[in-house]
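Reading through the structure tokens given below for one structure.
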Amino acid sequence: MPGTPSTCYTLIFDREADWLDIFRKFDRNKDGYVTREELQTTLEERNMRQLEIDMDEVMKKADKDGDGKLSFDDFIKSCGLKSH
């Protein structure tokens, strides 16, 4: 039955699992983080090239702890999906 709590939970879980798959595509060295270089390279390979200043701004806004890389939590929050 649509809209039931179990259905809503499944949809949220599936959506977060989908975001994890996307995150893993950006995490090229599989260390659990996305660096500026990994982000830029992945975007360029998909013909979504960003200007240098834009990439710096993306990282600045998304990297909440300022360590120069994005955790999965940083990644999904910057994409508008909050982790549980």
(message) Take the residues in the stretch 20-38 that are outside any helix (DSSP H, G or I) and of a type in the set (D, E, K, R); name whichever of them is farthest from residue 71 (Cα to Cα).
(response) 28
(request) Within the stretch 61-75, count every residue that is farther than 17 Å from residue 24 by Cβ and crowded, with 18+ Cβ neighbours inside 10 Å. (result) 1
(message) Can you find a residue that is at pLDDT below 85 and at positive phi anywhere in the stretch 62-75?
(response) no
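The values are calculated or read from the model by the stated rules, or taken from the named source; none is laboratory data. Owing to the predicted nature of the structure, the values given are computational and were not obtained by experimental measurement. Ideal geometry is used to build each Cβ from the backbone, glycine not excepted, and the neighbour counts take in all protein chains shown.
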